Every structure is written in C-alpha cells, then in structure tokens.
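Read-outs: derived from the displayed coordinates by stated rules, not from any lab. For clarity, every value in this text was computed on a predicted model and none was experimentally measured. A quick note on method: Cβ atoms are made from the backbone with ideal geometry, for glycine too, and the neighbour counts reach across all protein chains shown.
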Amino acid sequence: MKAAELPNAKGHFGMYGGKYVIETLMPALKELEALYKEAQTDPQFQKDLKYYLKQYVGRPSSLYFAENLTKELGGAKVYLKREDLNHTGAHKINNTIGSALLTLRMGKKRVIAETGAGQHGVATATAAALFGLECDVFMGEEDIKRQALNVFRMQLLGAKVIPVSSGTRTLKDATSEAIRNWITTVETTHYIIGSVVGPHPYPMIVRDFQKIIGEETIEQIQETEQRLPDLCVACVGGGSNSMGLFYPFIDHKDVGLIGVEAAGLGIETGKHGASLSHGNNGVLHGMMSYLLYDDDGQVQEAHSISAGLDYPGVGCEHSYYKDTGRIQYETITDDEALEGFQLLSKTEGIIPALESSHAIAHVAKLAPKLSKDKIIVVCLSGRGDKDVTQIAERMGIQL
Amino acid sequence: MSRIEERFNTLRSNNQKALVAFITAGDPDLESTRQLFSVIEKNGADIVELGVPFSDPLADGPVIQKSSQRSLKNGTTLKKIVNLVSEIRKDSELPIVLMSSFNPIHVYGFRQFVDDAVSAGVDGIIVPDLPPEESKELEDYANSKGLDMIFLLAPTSTPDRVEMVAQRSRGFIYYVSLTGTTGVRSQLPPGIETKLLEIRKASERPVLVGFGISGPEQARQASGISDGVIIGSAIVKLIEEHSGNPEIRDQKVAEFISSIHQTLKS
C-alpha cells in the first residue's frame with residue numbers, strides 16, 4: 001500500500017488510529033476533517049501557508065553536511081536537517097502555523113495546546129500571537145519546573161500556561177487536561193495537538209504539516225549528492241518530527257528509516273518512554289496505538305530526561321509502520337542522549353535539544369559501522385537552549 | 001427481556017422516572033462498594049452504574065478523577081469488579097451497568113470481558129471513548145450475548161448522529177446534558193429540552209440525563225423532560241468527604257439517594 005493511501009476514510013492505519021473519543025467531540029472532529037479537506041485544495045490556503053513558512057518561519061531549513069561529526073565518527077556521511085533553525089527553534093512551528101490558519105478558517109478565536117518540553121507550547125503561543133488568537137497551554141507541573149525558560153517565553157507571547165497537577169504531571173496528563181478542556185469549550189476553541197497523535201484527523205493533519213521536513217530533504221540531498229540517503233534517523237516521542245522526515249521516504253523502499261525512542265534510565269528498569277519497542281496496542285488520547293500499560297490496561301508512567309519524549313503513547317502511523325517493518329525503532333538511554341548532546345555541541349558548535357540528542361546518539365553508534373560512501377540524514381528537531389539549565393544542574397554546575 | 005428493559009417497563013407503567021446512581025467501583029475499596037451498593041439499592045435507585053477506574057479518564061471532572069485514583073491505589077482491577085458483581089448478584093436483582101474507558105476492556109480481551117460480565121450478571125456497558133464508529137466488534141458481540149451496549153449523545157450531536165445512536169443504543173440512551181466533563185453544576189444547561197425532544201422523536205428507547213445533575217431540584221427538572229437521571233459526582237463527593245467514617249458515609253449516601261428517589265416518584 002502506498003503511503004498516501006493512509007489513513008483510510010475512517011482514520012485508520014491498519015488497526016491503529018481511529019476516533020476513540022466521547023460523543024461530545026465527534027461532531028467537531030468531523031467538521032475539522034471536512035474543513036481540512038477543503039483547505040488542502042484551496043490555493044489561497046496553500047499560498048498563505050507557504051508564505052508564512054518562508055517569510056516567518058524561515059523555511060526551507062538547511063540540510064547541513066556535518067563534516068566534523070562525520071570525521072569524528074569515521075564512517076557514513078552525516079547530514080543534519082536543521083529544524084533547530086526555524087523560528088522558535090524547533091519543528092513544532094510547521095504544524096502550529098498550519099493549524100492556526102485552519103483555526104482562522106473555522107472562525108474560532110481561541111486555541112489550546114498541550115506541551116511537554118514547551119516547544120509545542122511556544123510554537124502555538126507564537127502562532128496565536130501572530131494571528132491574534134487567545135491561547136491557553138496545558139503543561140504538567142513537573143515539566144514547568146524542568147522547562148522554566150519556555151514557560152516564560154509562552155507568557156511573553158501572551159499565552160496563559162495552565163499547570164496540570166494530575167497524574168504524573170507530565171505530557172500525558174497535560175494532554176488529558178487539554179482534551180478535557182476541549183470537551184468543555186469545543187464550540188469556540190480549536191485544539192492544536194502538537195504531535196501525530198490524538199483522534200483522526202489529527203495524526204494525518206499534523207503529519208501533513210510536518211512532511212515538509214522530508215520533502216525538502218529529498219530536494220536538498222538530490223541537489224548535493226544527486227541521490228537519496230541510505231538512512232534517515234529521528235527521535236520519536238509522539239513522533240511528529242520523525243513522521244515529518246520519514247513520510248516522503250516511505251515509498252522509497254531503499255531508504256532505511258530509524259526512529260529512536262527514549263530508553264530513559266534503561267529499558268530493564270521499566271523507566272523509559274519506548275512504547276513502540278516495549279509497549280503493546282492500546283487506546284489513549286483518542287487513538288489506538290502502541291502504549292505502555294500494566295496487566296489491567298492502566299497507562300504506565302513514561303520516563304525520559306527529555307520532556308518531549310516523556311510520553312507513554314506514540315503516533316498511530318508509527319505503530320502501523322512498526323508492524324509492517326517499514327520503520328525500525330531503536331532506543332537510547334538518558335546517559336547516551338547526554339553524550340550525543342555534548343558530541344554535537346563540541347564537534348559542530350550546535351547545541352541540540354535533548355530530544356534530538358537521542359537521534360544524534362544513535363547515529364554516533366551507527367555511523368562508524370557504515371562505509372564512507374553511505375549517507376545518513378538525521379533530523380535535528382530542535383535546539384538545546386531550553387535544556388541548558390537542566391543539564392548544568394545534572395552536571396552539578398551552578399549557573 | 002433484560003433487567004434494564006424490565007425495569008423501564010415497570011417504571012413506565014407506573015408513570016415513574018428512573019434514578020441511576022453512579023459510584024466508582026473500589027472507591028475507596030471493593031468491600032465499601034458492595035456495602036454502598038446495598039445502601040443505594042435500599043434507598044430507591046433503579047439502576048447502579050459502577051465506574052471502572054482508569055488512569056486517564058478523559059471525560060471525567062476532578063471528583064471522579066480523584067475517586068479513580070483512590071480506587072486504583074487500592075488495587076482495583078476490571079477482573080475484581082466483575083467478580084464483585086457476581087458476589088452482588090447473590091442477593092440482588094437490581095440492574096447493573098459498568099462504565100469503563102475502552103483500554104481496560106481491550107486489554108482484558110473484549111470477548112472474554114463480555115462473557116465474564118454476562119455470567120457475573122452485568123446488564124449493560126457504557127464505554128464513553130468508544131463511539132459507534134469504533135464499537136462495531138464489541139457491540140456485535142455484546143448484543144449477541146444479551147449485554148446492552150449503551151451509547152451517549154451530547155448537546156453537540158448532529159441530527160445524523162442522533163439518528164445513528166438512537167438506533168444502536170440498547171437499554172437506554174445516555175444524554176450528556178452539557179458540553180463538558182462530569183461534575184456537579186448549579187443548573188441545567190439551556191437548550192436541553194429541545195435536544196431531548198429531538199432524541200425522543202428518533203427513538204422509543206428511554207433517554208436518561210447525566211453529567212452535572214447535583215440534587216433533587218435538578219433531578220426533578222431533568223426527569224420532567226426525560227425518562228430519568230444519572231447522578232455520579234454528587235454521590236462520589238459524599239463518599240470522599242466521609243471516607244473516614246463509613247457509618248456516616250452510608251447514612252449521607254442513603255439520605256441523598258432517598259431524597260432524589262422521593263422527588264422522582266412523587
């Protein structure tokens with residue numbers, strides 16, 4: 001089956017995806033589906049989207065040949081897809097600009113979002129400021145502590161950050177609380193989900209807004225190398241930067257695709273975020289997908305040093321490609337991610353987000369084993385400024 | 001005829017309205033649930049809805065979220081709840097409905113769950129995050145075993161959805177009175193009458209109003225335009241407030257149920 005044929009009309013990717021939500025939200029999802037379909041074929045919408053992505057976000061993001069890193073690793077050539085260079089410092093804004101334009105089209109005046117690392121929150125607050133929308137961002141109390149800088153950025157942008165104290169106080173609970181708020185405000189509010197998760201049509205819409213990462217990559221690598229890469233590597237929390245990079249490559253069967261999940265303190269400790277590698281199918285946040293849960297079906301806590309990967313679920317399209325074998329999934333521990341973080345900082349002068357550091361760390365393991373004529377593209381989904389305080393603390397350094 | 005149908009037939013022939021009482025199973029433990037069940041039965045509830053706790057109950061407000069947490073903390077599982085129902089069935093014929101998020105049922109294995117629930121004496125199930133679009137397999141199997149699959153309608157439901165749910169819901173139709181999560185509200189939302197009339201036109205099945213009903217006055221108003229009410233958070237709140245003293249807790253719940261019962265039967 002071709003990648004473009006999924007999801008089917010019901011929003012399913014094989015057995016995954018769907019719309020597992022309370023009746024109250026069903027009409028809004030149908031409406032969103034119809035509206036999105038219209039927007040896709042509306043030249044004006046596409047023109048607006050293109051304009052903001054170019055002039056405001058700064059696209060296309062560069063595909064940078066990391067020569068120093070390549071030398072250091074001594075194997076395959078490593079290219080970085082520089083999503084960290086986007087306005088607001090991560091790939092998240094590709095989706096929030098598109099989604100904010102959809103919101104305007106709906107005539108709604110308020111948007112809500114969930115956030116883990118704060119990158120999606122900042123990106124939503126940014127788009128809301130740009131388009132004059134009211135914006136509330138739900139964020140777990142634990143993450144508010146870990147990501148104080150992003151909290152302040154959101155406030156500067158005019159958004160309200162609503163602390164979530166239920167459950168594990170991280171991304172999972174922030175998402176639950178955003179959905180509860182949406183159940184209450186659905187008639188006036190659009191929920192901008194930050195990843196390829198949630199009920200249909202969200203996983204499809206977010207993927208479509210993020211696929212520009214892969215589309216540009218194809219164009220850029222053709223230009224510099226006159227061929228496609230051998231491997232694409234990206235980190236997977238919910239899975240939006242990875243799906244954005246991978247999706248245009250799905251039908252190019254010769255290109256290997258590797259998603260890197262958080263192994264946290266180590267898979268054997270049970271404290272990780274590797275739902276694809278170590279979870280099972282289940283339903284959370286409106287979709288069927290791989291999920292971490294106990295024998296009774298209760299969702300388990302995830303753990304990762306990076307707030308953006310600290311999520312027990314994952315995008316349903318990833319689940320589908322995990323089962324078909326088209327995408328391979330690997331894991332990287334907190335400690336390995338920190339090594340990746342330092343490696344890229346020192347060799348290339350690029351401080352990566354802790355999330356993206358997982359992908360870097362995996363490439364550091366992989367590249368030396370491959371010959372020098374092989375090409376790896378790794379998605380540098382965000383910059384690491386937001387993580388600096390946390391890492392200093394971990395290294396015992398007082399800033 | 002199912003216990004639920006039978007109950008509604010009796011109520012209709014006596015021109016009375018139904019009182020459905022919701023409590024979270026295992027809050028604070030399963031022994032208390034058994035005790036509370038009999039208190040609720042004695043004081044006039046027509047159906048008891050047992051909430052299956054879930055780690056991430058998306059349709060619930062803070063009161064039921066917290067009760068879910070208390071229950072899970074004490075080790076409640078769906079299996080234990082099914083066992084509890086078979087215990088209760090030894091001396092009660094009151095209709096019992098389980099309300100659960102889908103994941104516990106999915107992980108249990110939905111066919112196994114339906115089989116076990118039916119043999120324990122469960123009469124119906126409500127799975128809020130499983131709309132008709134996703135429910136086909138579970139629904140067909142439940143129907144084949146005589147377990148009523150009860151669907152929800154909401155203020156946002158469009159006419160085509162009212163039609164679909166009206167046709168597919170068994171036992172009764174659960175009308176979510178407000179655009180929001182569970183929890184008591186000070187008054188009924190505007191526009192509720194129009195929607196209930198629309199549902200009535202689409203179906204002969206009983207329509208019950210839930211979400212946000214806090215006490216006798218709202219119960220009276222809501223039942224005036226429906227077949228009865230579902231009350232959850234108001235009861236769960238009493239259980240939470242008097243957790244230290246089971247005797248007082250039971251007495252408070254008894255008084256509350258009885259006051260609603262009086263209102264609905266008068």
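Observations on the structure shown:
- Estimated Rh, the range A:239-368: Kirkwood, alpha-carbon pairs, angstrom: 15.1
- Stretching A:Gln55 away from A:Glu268 to a fully extended chain increases their span by 72.0 nm, per 0.36 nm per residue minus the current alpha-carbon distance.
- Karplus-derived 3J(HN,Hα) values for the range B:10-24, using 6.51 cos²θ - 1.76 cosθ + 1.60 with θ = phi - 60°, are 4, 4, 5, 5, 8, 6, 10, 9, 8, 10, 9, 9, 9, 9, 7 Hz; glycine and proline are entered as x.
- Distance between the pseudo-spin-label points of A:Glu31 and A:Glu141 (7 Å out from Cα toward the beta carbon): 3.4 nm.
- Pairs of alpha carbons in chain B whose separation is greater than 29 Å (percent): 23
- Here's the list of lysines a cross-link from A:Lys109 could span, going by alpha-carbon distance under 24 Å and ignoring same-chain residues fewer than 8 apart: A:Lys30, A:Lys37, A:Lys47, A:Lys50, A:Lys92, A:Lys160.
- Taking chain A and dividing mean pair separation by its residue count, relative contact order in percent (alpha carbons under 8 Å, at least six apart): 20
- In order through the range B:179-194: 3J(HN,Hα) via Karplus (6.51 cos²θ - 1.76 cosθ + 1.60), integer Hz, x for Gly, Pro: 7, x, 8, 5, x, 6, 10, 7, 8, 5, x, x, x, 5, 5, 4
- Averaged over peptide A:172-180, the number of partner chain Cβ atoms lying within 10 Å of each residue's Cβ comes to 3.
- Spatial separation of Cα centroids for the range A:230-259 and the range B:197-228, in angstrom: 51
- Taking a ≥ b ≥ c as the square roots of the eigenvalues of the alpha-carbon gyration tensor, the range B:69-176 is classed prolate because a/c is 1.5 or more and a/b outweighs b/c.
- DSSP H segments from chain A that extend 20 Å or more along their own axis, Cα-based, with Kyte-Doolittle mean of -1.0 or above: A:26-40, A:92-106, A:171-185, A:334-348
- Backbone amide hydrogens, once placed in the peptide plane, bring A:Thr168 within less than 5 Å of A:Asp173, excluding anything fewer than 5 places away on its chain.
- For the range A:192-220 and the range B:79-97, distance of Cα centres in Å: 47
- Neighbouring partner chain Cβ atoms per residue of B:106-115, average, 10 Å criterion: 2
- Relative contact order (%) - the range B:3-265, alpha-carbon pairs under 8 angstrom, separation at least six: 22
- Label reach from B:Ser2 (point 7 Å along Cα→C-beta): in the range B:133-167, amide nitrogens under 14 Å belong to B:138-152, B:166-167.
- Distance between the range A:362-399 and the range B:24-51 - C-alpha centres, whole angstrom: 54
- Cross-link partners of B:Lys201 among lysines (Cα-Cα below 18 Å; sequence separation of 8 or more within a chain): none
- Cβ-based net charge around A:Lys145, under 12 Å, with every Lys or Arg adding one and every Asp or Glu removing one: -2
- Amide hydrogen proximity for B:Gly228: with H placed 1.01 Å from N in the peptide plane, the residues at 5 or more positions away or on another chain lying under 5 Å are B:Ala18, B:Val209.
- The relative contact order of the range A:1-89 comes to 16 percent, based on Cα pairs under 8 Å that sit 6 or more residues apart.
- Placing a label point 7 Å from the Cα of A:Ala9 along the Cα-to-Cβ direction, the residues of the range A:36-58 with a backbone N closer than 17 Å are A:37-38.
- Peptide-level mean, for B:175-181, of C-beta atoms on other protein chains within 10 Å: 4
- Cβ-Cβ FRET estimate between B:Ser144 and A:Asp373, R0 fixed at 41 Å, reported to 0.05: 0.10
- Hydrodynamic radius (Kirkwood) for the protein assembly as shown, which is based on Cα pairs only, to one decimal in Å: 25.8
- Take A:350-360, A:70-80, B:106-116 and order them by the average number of nearby Cβ atoms within 10 Å per residue, most first; the result is A:350-360, A:70-80, B:106-116.
- Rounded, prolate or oblate (a/c below 1.5 giving rounded, otherwise prolate when a/b exceeds b/c) for the range A:1-128 by Cα gyration tensor: prolate
- Dimensionless Rg/Rh of the range A:132-202 - Kirkwood Rh, Rg from C-alpha atoms: 0.96
- Amide N proximity, the range B:227-249 versus B:Asn74 label position 7 Å along Cα-to-Cβ, cut-off under 15 Å: B:236-249
- A:Met106-B:Lys42 pseudo-label distance in nm [points 7 Å out on the Cα-to-Cβ vector]: 5.0
- Each 5 Å bin, from zero up to the one with the longest distance, holds this percent of the alpha carbon pairs of the range A:74-157: 3, 15, 24, 21, 15, 9, 5, 4, 2, 1, 0.
- Measuring r between the beta carbons of A:Thr184 and B:Gln35 and using R0 = 30 Å, the FRET efficiency lands at 0.35.
- Applying the Karplus relation 6.51 cos²θ - 1.76 cosθ + 1.60 with θ = phi - 60° to the range A:76-84 yields 3J(HN,Hα) values of 4, 6, 10, 10, 10, 7, 7, 5, 5 Hz, where x marks Gly and Pro.
- Fluctuation leader among A:Gln210, A:Gln55, A:Gln119 - chain A, Gaussian network, Cα springs under 10 angstrom: A:Gln55
- Amide hydrogen neighbours beyond the local backbone of A:Gly256, cut-off 5 Å, H modeled: A:Leu231, A:Cys232
- Shown is the FRET efficiency for A:Glu339 and A:Lys253, computed with R0 = 45 Å from the Cβ-Cβ distance and rounded to the nearest 0.05: 0.90.
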